[in-house]
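Contents: one structure, followed by commentary.
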Amino acid sequence: MLIVTVIILSVISLFIGAIDIKPSDLLNWESLETQIFLISRLPRLLAIILAGAGMGIAGLIMQSLSRNKFVSPTTAGTLDAAKLGIIISMIFFTGMSYIGQIIFSFAFALIGTFIFMQLLERIKFKDAVFVPLIGIMYGNVIGALSTFLAYEANILQNVDAFFQGSFTLVVSGRYELLYVAVPAIIIAYIYANKFTVAGMGEDFAKNLGLSYRTVLNIGLIIVAIITTTVILTVGIIPFLGLIVPNLVSLYLGDNLRKTIPHTIFMGAAFLLFCDIISRLIVHPFEIPVNTTVAVIGSAIFLIMLFRGKAYAKK
Amino acid sequence: MRKNSTKLIILAVIAITCMLLFALYDIQGGFSYAFPKRLERMFAMVITGTAIAFASIAFQTVTQNRLLTPSVMGIDSMYEIVQTIIYFALGSTSIFVVSRYLNFGVSIIAMVLFALILYRFLFRADKHPIFLLLLAGMVIGTLLGSLGTFMQVIIDPVEYESLQARLFASFMNVKTELLFLSAGILVLAFLYGTRILHKLDVMALGRDNAMNLGVDYDKMVLRILILSSILIAVSTALVGPITFLGLIVSNLAYQYFATYKHSVLIIGASLISIIALVGGQFLVLHVFNLTTTISVIINFIGGLYFIYLLLKESRKAG
């Protein structure tokens, strides 16, 4: 069912855009339409699917590790920390290569999330709502720091454009970094059960013979890798990692082995859907996809908060 | 009480020093050009600071908590949305866009209505826990903010440019033409405010006690919510959103004055607010030589302070 949805949305995604491409055009290998299809449409589709699936998995891992339904890259400072890393690399290392930016952003995303997880361990009051609230504030503080640096270096506008979250620039040659998310997702699948056990707490995990620290670190590294690759190729995609795993667990429960495949497909479907809306609403122009994601995502999150109070409390 | 009046005088002296420094320090060349400009900006900050302090404390008293403010609930993003909707529905040549006063009036009315609907939903009889309200408020803020952006990008890019420049204020782009109107609204609000100060004191005792003492509680709540929405609208129209200012100054005032008297709290918070804005902007511009606006710094400090307050509150709850 979910797979069928993804396929349908993919087909729609492939055939909408500023230039009308009909399936029959693709029969002619040399035609302009085929070129556009191969250089722009197909990479874009792959990028959306990878980004959607990746952010979904990143959220799922964070939720199992923290045993809190509302912890995700959006609500734990991961996105903001990665952004801060990129801004610092832009300002202080102007000549820095792409690889350098990747490493910087990755390091910041990792450290930022790690600090939040440490903070979380120290908070006695592990309320389902309180934890993401602290996480959002933590992200805001990092965000203010980013804005401050961007202001001082006078690159605020570049930065805004950079993080706008757009698939318009995704053409072949510019999105391949996203493939790094594939092994990350596979590792997540292999470690799925261990994440669940680690989420039970350090003592419990150790009793079951699990190296708690190692599993925790692997989880956070995967999250940081996925977040970094998504931010650097398509920009900030908020809320997806928060709501998609929750929607899946509503009908499938919390067994990670089962929920990971569904999270992958639902993440992809969600982002495809948002992207299609962004492209159709002001056709032939486009709305930044992160705006659409934020509108739909925050609305769904609000509904979850008020409708599912009992469910959120576990 | 005497001690508190001394504290108020100290704050007033600091506030005036900040204002003098801001207006006169290192003024070079065309005094006749720079001085009025500085005065205008300073005046805008004083109005904003007072409006936010007043609105936040009154709001916190009627909602019976010290962590919520209208800004944290996303009310100031509403201003942007209302502006965008007017622009979106009526176009850039409409009288509601061209006439600043009409535009201001319509936005305030729309904003108050929006705010009341939101409050009705959030503060229903079955009380939501405070952390849920806060998180919901933050998410509503995000939702409104991105909804605003969403509508703005749908608008023709050229129109969007003019919308940005004409309607949205920031500390870089203070809407001085609205200064007198805002000052007028603020004076009216204060006149009304002084009449209800003692009622606010009574309402701080809670709904049942206040009603026993003869306060028409529900009617007053409604009025105060409307009043605080108008004040936030005024400040947002002048200098743009400053999310955490109200939260910082109200809580500092509670801590510093240790009283429940709203006359002291509101004046004190207003003075702290003026010191933070005018003094902060002075430090940023002349001492640290930064180009940042004070709102970025307030968001940074305010965020940290908010986390501290939350952790303190959670110890009580847990």
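Residues that are in a helix (DSSP H, G or I) and under 14 Å from B:F59 (Cβ atoms): does the range B:145-168 have at least one?
No, there is no match, as no residue in the range B:145-168 is in a helix (DSSP H, G or I) and under 14 Å from B:F59 (Cβ atoms).
So which of A:V244, A:V282, A:V215 is at pLDDT 85 or above and either within 14 Å of chain B (Cβ to nearest Cβ) or surrounded by 21 or more Cβ atoms within 10 Å (Cβ to Cβ) (or both)?
Details: A:V282 fails: at pLDDT 85 or above; A:V215 fails: either within 14 Å of chain B (Cβ to nearest Cβ) or surrounded by 21 or more Cβ atoms within 10 Å (Cβ to Cβ) (or both).
Of A:V244, A:V282, A:V215, the one residue that is at pLDDT 85 or above and either within 14 Å of chain B (Cβ to nearest Cβ) or surrounded by 21 or more Cβ atoms within 10 Å (Cβ to Cβ) (or both) is A:V244.
Checking the conditions here, which among B:I81, B:I140, B:I95 is more than 27 Å from B:E313 (Cβ to Cβ) and at pLDDT 80 or above?
On the way: B:I140 fails: more than 27 Å from B:E313 (Cβ to Cβ); B:I95 fails: at pLDDT 80 or above.
Only one candidate passes the filter, namely B:I81.
For A:S89, state whether it is surrounded by fewer than 23 Cβ atoms within 10 Å (Cβ to Cβ), part of a helix (DSSP H, G or I) and out of contact with any Ser or Thr (no Cβ under 8 Å at 6 or more places or on another chain).
It is false that A:S89 is surrounded by fewer than 23 Cβ atoms within 10 Å (Cβ to Cβ), part of a helix (DSSP H, G or I) and out of contact with any Ser or Thr (no Cβ under 8 Å at 6 or more places or on another chain).
Which one is farthest from A:I7 (Cα to Cα) among residues in the range A:262-291 that are in contact with a Phe, Trp or Tyr (Cβ under 7 Å, 6 or more places away or on another chain) and of a type outside the set (A, V, I, L, M, F, W, C)? Show your work before the answer.
The initial filter retains those residues of the range A:262-291 that are in contact with a Phe, Trp or Tyr (Cβ under 7 Å, 6 or more places away or on another chain), namely A:275, A:287, A:289, A:291.
Restricting the remaining residues to those that are of a type outside the set (A, V, I, L, M, F, W, C) gives A:275, A:291.
Working: A:D275: 15, A:T291: 24 Å.
Step by step, filter the range A:262-291, then rank; the result is A:T291.
Under 8 Å between Cβ atoms, which residue pairs at least 6 apart in sequence (or on different chains) link something in the range A:99-112 that is surrounded by 22 or more Cβ atoms within 10 Å (Cβ to Cβ) with a partner that is of a type outside the set (A, V, I, L, M, F, W, C) and not in a helix (DSSP H, G or I)?
Listed by first residue and then by second, the contacts come to A:G112/A:G77.
Does any residue in the range A:19-30 that is closer than 24 Å to A:F285 by Cα come within less than 6 Å, Cβ to Cβ, of a residue that is charged (D, E, K, R) and surrounded by 10 or more Cβ atoms within 10 Å (Cβ to Cβ) six or more places away or on a different chain, and which pairs are these?
A:I21/A:E33; A:D25/A:E33
Kindly indicate whether any position in the range A:140-152 is among the β-branched types (V, I, T), within 11 Å of chain B (Cβ to nearest Cβ) and over 20 Å from A:F239 (Cβ atoms). Show your work before the answer.
Step one: of the range A:140-152, the residues among the β-branched types (V, I, T) are A:141-142, A:147.
Those left that are additionally within 11 Å of chain B (Cβ to nearest Cβ): A:141-142, A:147.
Right, trim to over 20 Å from A:F239 (Cβ atoms) and you get A:147.
Scanning the range A:140-152, I find at least one residue that is among the β-branched types (V, I, T), within 11 Å of chain B (Cβ to nearest Cβ) and over 20 Å from A:F239 (Cβ atoms), so the answer is yes.
Every residue in the range B:119-141 that is surrounded by 15 or more Cβ atoms within 10 Å (Cβ to Cβ) and either in a loop (DSSP other than H, G, I, E, B) or not hydrophobic (A, V, I, L, M, F, W, C) (or both), please.
Passing the criteria: B:Y119, B:F123, B:H128, B:G137, B:G141.
Taking the residues in the range A:124-135 that are surrounded by fewer than 22 Cβ atoms within 10 Å (Cβ to Cβ) and within 7 Å of chain B (Cβ to nearest Cβ) as candidates, determine which candidate is modelled with the highest pLDDT.
Selected residue: A:D127.
Residues of the range B:23-66 being more than 21 Å from the chain's Cα centre (by Cα) and among the hydrophobic types (A, V, I, L, M, F, W, C), which ones?
Selection gives B:A23, B:L24, B:I27, B:F31, B:A34, B:F35.
Tally time: how many residues in the range B:99-118 are assigned to a helix (DSSP H, G or I) and within 15 Å of B:E177 (Cβ to Cβ)?
The initial filter retains those residues of the range B:99-118 that are assigned to a helix (DSSP H, G or I), namely B:100-118.
From the residues that got through so far, the ones that are within 15 Å of B:E177 (Cβ to Cβ) too are B:100-105, B:107.
Summing the residues that are assigned to a helix (DSSP H, G or I) and within 15 Å of B:E177 (Cβ to Cβ) in the range B:99-118 gives 7.
Quick check on the range A:291-314: of everything there that is modelled with pLDDT under 85 and either within 11 Å of chain B (Cβ to nearest Cβ) or part of a helix (DSSP H, G or I) (or both), which residue is nearest to A:A51 (Cα to Cα)? Before the answer, list the steps.
The initial filter retains those residues of the range A:291-314 that are modelled with pLDDT under 85, namely A:306-314.
With the extra rule that they be either within 11 Å of chain B (Cβ to nearest Cβ) or part of a helix (DSSP H, G or I) (or both), the set shrinks to A:306-307, A:309-313.
Numbers: A:F306: 28, A:R307: 28, A:K309: 29, A:A310: 31, A:Y311: 28, A:A312: 26, A:K313: 29 Å.
Looking at the filtered set, the residue picked out is A:A312.
I'm checking my understanding of the structure. Among residues of the range B:260-318 that are in contact (Cβ under 8 Å) with a residue 60 or more places away in the chain and outside any helix (DSSP H, G or I), which one is farthest from the other protein chains (Cβ to nearest Cβ)?
For the range B:260-318, the residue satisfying everything is B:K261.
In the range B:74-82, is there at least one residue being in contact with a Leu (Cβ under 8 Å, 6 or more places away or on another chain), assigned to a helix (DSSP H, G or I), farther than 28 Å from B:L277 by Cα and of a type in the set (S, T, Y)?
no
Could you tell me which of the residues A:A76, A:A51 is in contact (Cβ under 8 Å) with a residue 24 or more places away in the chain, under 30 Å from A:V248 (Cβ atoms) and in a helix (DSSP H, G or I)?
Within the list A:A76, A:A51, the selection yields A:A51.
The values are calculated or read from the model by the stated rules, or taken from the named source; none is laboratory data. Since this is a predicted model, take the numbers as computed values, not measurements. Ideal geometry is used to build each Cβ from the backbone, glycine not excepted, and the neighbour counts take in all protein chains shown.
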